[in-house]
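Heads up: the structure comes next, in structure tokens.
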Amino acid sequence: MNSRPTVEKIAAAALRLLDKEGAEAVTMRRVADAVGITPMAIYRHYRDRESLLNALADEGFKDLAARLARRRFPGSVEQRLAKMSEIYLDYALENPRLYELMFLKPREGARRYPKDFKAGRSPTANLMVEVLKEGMESGHFRKDDPWELVLEIGALSHGLIMLYLGGRMGAAPASFRALYRRSFRRYIHGIRI
């Protein structure tokens, strides 16, 4: 007997649909069928489909932030930033549709740049900003707005990842990883002193 609370069953079923078929496949009816409840029962836990998708994205961000936070990043600021970028890449390749929902789909309540970021509301960006600030304070990177730099790094990373996941790059996974790393290194070298 499965004793998980209904809300967890709903989220797990929605995530399976998302992983398999994309956000468009996550409907209240399909989720309810997968859980074995009526569609109306979902509304006891989620206001609507959008709030269910937001909950999936929020859990994805918590998972990604936890992966970043539990890793120790020894080495130079550049090496640490590169390792962080690898975690983003790994997460995207392991969870392509969730990653798309998290970073690219318009969603109510999604964090917005600059207000939410500069207020420290992005658990994933906060960690990268700390390393960038350290690099600036140590003289490794030129002084600049670390939040703008994180936005630019994110744009580079997300852009490359989505082009790859969208089939716009004719590259094997290892070749794409190598391109991703080279692009990241080029950007980081551009902000050095």
**OP:** Specify the residue with the greatest mean-square fluctuation among 145, 58, 19, computed from a Gaussian network of the chain linking alpha-carbon atoms under 10 Å apart.
**Re:** 145
Original post:
Once all Cα-Cα distances of segment 1-68 are split into 10 Å bins that start at 0, what whole-number percent is in each one?
Top reply: 21, 54, 22, 3
Original post:
Sorted by accessible area with a 1.4 angstrom probe, largest first, how do 35, 131 fall?
Top reply: 35, 131
**OP:** Assuming R0 = 30 Å, can you tell me the calculated FRET efficiency for the pair residue 134 and residue 90, based on Cβ-Cβ distance, to the nearest 0.05?
**Re:** 0.80
Original post:
Tell me, what is the 1.4 Å probe accessible area of residue 6, in Å² to the nearest 10?
Top reply: 60
Original post:
If the label point is 7 Å along Cα→Cβ of residue 6, which residues in segment 26-46 have backbone nitrogen under 19 Å from it?
Top reply: 27-46
Subject >> For the chain, accessible area per residue (1.4 Å probe, heavy atoms of protein chains only), Å² >> reply: 55
Original post:
Using 1/(1 + (r/R0)^6) with R0 = 30 angstrom and r between the beta carbons of residue 156 and residue 21, what's the FRET efficiency to the nearest 0.05?
Top reply: 0.55
**OP:** Using only the alpha carbons, work out the radius of gyration and Dmax of segment 1-121 in angstrom.
**Re:** 16.6, 54
**OP:** Count the net charge of all other residues whose Cβ sits under 12 Å from the Cβ of residue 24, scoring Lys and Arg as +1 and Asp and Glu as -1.
**Re:** +3
Original post:
Residues of segment 5-19 with amide nitrogen under 13 Å from the 7 Å Cα-to-Cβ point of residue 33?
Top reply: 17
Original post:
So what is the relative contact order of the chain, in percent, for Cα pairs below 8 Å that sit 6 or more residues apart?
Top reply: 19
Original post:
What FRET efficiency comes out for the pair residue 145/residue 174, r = Cβ-Cβ distance, R0 = 25 Å, nearest 0.05?
Top reply: 0.10
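The values are calculated or read from the model by the stated rules, or taken from the named source; none is laboratory data. This is a predicted model, so every value here is computed, not measured. Neighbour counts are summed over all protein chains in view; Cβ atoms, including those assigned to glycine, are modelled from backbone coordinates with ideal geometry. Note: accessible area is taken over every heavy atom of the protein model, side chains too, but ligands, DNA and RNA are not part of it. Shrake-Rupley method; radii C 1.70, N 1.55, O 1.52, S 1.80 Å.
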